[in-house]
Amino acid sequence: MGNPKSMGVFAALFAALVLSSCGGGASSGGPTSQDQASIYTVGTDAPLPSVVSCEVTVSGMMLNNGSTSVSVLSQPQIVDFAQLSGLHQLLDLTAVPTGTYTSATITIASPVIGYINTTNNPPTISTINGTLSQSSVTVNLAQPVVVSNADLFGLRMEFDLRQSLQTDSNGQVTGAVNPVFEVALLNSTDSQLAIDDFHGGVVGVTGSNTFTIQGPHGRQWTVVTDDSTMLDDPNTSVNSFTTNTIVEVSGTLDPVTHSIDASEVEVVSNDDFFMGGLFTSIRPATGPATAADLYVRELLPAVNGVSDGQIETLTLNGSEKYMIEHINLPLTTLLFNNSELAVGQRVGIGGELTTTNGTSTLTVHRVVLRRQGQAGAWVPGSTMIQNGNAGTFQLNDHWTAGVLLPSPLTVMTTNDTNFINLSGLSALQGMQPLSIRVVGFILVNQATGQPVMVARSVEELAS
């Protein structure tokens, strides 16, 4: 028997919690102590329209074979399932014994639900301390998964907020949480395990195409780029990164080295400070914005005076650099700038944070428009086809930030839009609403002044 090798397990957040695994070769019986493989975890969510945050302490994730259980989480982590919106975020990588696994057990605690109140102007955030009906949930895998020596699997775990968060007869969240998870253990090459929303601060540059980052949960990861990697800022290169650089990385986890093979790298800050979230108010409502309220969902690094779960007011003057993530074209400044900001947009903010006498002041240097997911019901009869998959349709939005966006929301598709579980735009037809999720960018239609969604993908969801 060969030398033991660690199997990588990574965790990522999605519009559901996703657990993935990378497997190969045959193996039988329960876990063995000699050989090891790796599991990484990814997650996602299915939020209610006004819920903008659902922070849960994930204290344990176990893989089971019927008689033995092994942990795939190195330490407890606080996860906000409502912020993922159809995207994957890397959480952890863990070695597990080889063997055949049949189920997964997730243990959670201390849910805190944040929801937006749009009756106030500007909108405000309220929170409810949730009460769990049960703290541990065991979910059977669709079929037993064999993990062999040195394999890499991804554990995809979906936390369904729509089913988990209980509401009263008026549709208001009560605070009762009956956790509902869906779990799949998948090969690391599966497209459902792609990493597309991972932030980290650069620790060091280790080569002309490699660098190391530290993620929001403290673990360090090696990132590898090549000629096909898109660097979204044409004026930057890996060699220009410093310890003040914070990046957003998309890509896949390498099954051999367990490094992140990057397909895209976006510099979100060169000032050692980044926060991401949703615009909840833009002032003035038209013309160049001078102020914007941001509901903070992410923060790197942790600093006194600023925390996620609160609304921060940003001062803008037009000198900021406006970018659309993963699009390296000069014309993006015509589509997204301080005159084309909209409530409900998901953005990343980079800048310089200074603290004087206990008061923190942020000077904004970068505003990056980020992909987001919105879900709900396709409106029957709304599909308009221009050419192939290029056209529009309308969505009654039931997803996070849905209350901030127009109802219904106009969705624009192109011939590059990826249709999942659908043959194309023409499949959106019939007399009955269809449950769908759209991932893309919220942009302002300059002809109408109203926000629209430009779709990267359109997915039909199970009823």
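The values are calculated or read from the model by the stated rules, or taken from the named source; none is laboratory data. Remember, it's a predicted structure, so these values are computed and weren't measured experimentally. Cβ: placed from backbone, ideal geometry, glycine included. Neighbour counts: every protein chain shown. Side chains are part of the model used for accessible areas, which takes the heavy atoms of the whole protein and leaves out ligands, DNA and RNA. Shrake-Rupley method; radii C 1.70, N 1.55, O 1.52, S 1.80 Å.
With the requirement that a residue be of a type in the set (S, T, N, Q) and under 23 Å from the mean Cα position of the chain (by Cα), what does the range 373-405 give you?
If the condition is that a residue be of a type in the set (S, T, N, Q) and under 23 Å from the mean Cα position of the chain (by Cα), then GLN374, ASN396, THR400 are the ones that fit.
Residues in the range 424-463 that are among the small types (Gly, Ala, Ser) and within 19 Å of the chain's Cα centre (by Cα) were compared, and the one that is surrounded by the fewest Cβ atoms within 10 Å (Cβ to Cβ) is SER457. Of all residues in the range 167-183, those satisfying the criterion of being open to solvent by less than 30 Å² (accessible area, probe 1.4 Å) and touching a helix residue (DSSP H, G or I) at 6+ places or on another chain (Cβ under 8 Å) are VAL177, PRO179. Out of the range 379-409, which residues are part of a strand (DSSP E or B), buried (at least 18 other Cβ atoms within 10 Å of the Cβ) and in contact with a Phe, Trp or Tyr (Cβ under 9 Å, 6 or more places away or on another chain)? Within the range 379-409, PHE393, GLN394, LEU395 qualify.
Apart from one condition, PHE211 fits all of (1) within 18 Å of the chain's Cα centre (by Cα); (2) farther than 30 Å from VAL56 by Cα; the exception is (1). Scanning the range 238-249 for residues that are part of a helix (DSSP H, G or I) and in contact (Cβ under 8 Å) with a residue 40 or more places away in the chain turns up nothing. Total residues in the range 86-129 satisfying the condition of being touching a Pro at 6+ places or on another chain (Cβ under 9 Å), open to solvent by less than 20 Å² (accessible area, probe 1.4 Å) and either closer than 19 Å to GLY402 by Cβ or assigned to a strand (DSSP E or B) (or both): the figure is 7. If we keep just the residues of the range 366-378 that are surrounded by 18 or more Cβ atoms within 10 Å (Cβ to Cβ) and among the aliphatic types (A, V, I, L, M), which is farthest from ARG297 (Cα to Cα)? My answer is ALA375. The lone criterion from (1) within 24 Å of the chain's Cα centre (by Cα); (2) within 29 Å of ILE282 (Cβ to Cβ); (3) modelled with pLDDT under 90 left unmet by GLN163 is number (2).
Restricting attention to the range 187-209, the residues that are in a strand (DSSP E or B) and either within 19 Å of PRO301 (Cα to Cα) or open to solvent by 30 Å² or more (accessible area, probe 1.4 Å) (or both) add up to 11. Looking at THR212, THR252, THR280, just one residue is β-branched (Val, Ile, Thr), assigned to a strand (DSSP E or B) and closer than 26 Å to SER53 by Cα, and that residue is THR280. Look through the range 61-85, keep the residues that are farther than 14 Å from MET157 by Cβ and under 20 Å from the mean Cα position of the chain (by Cα), and return whichever of them is surrounded by the fewest Cβ atoms within 10 Å (Cβ to Cβ). Per the criteria, the residue is PRO76.
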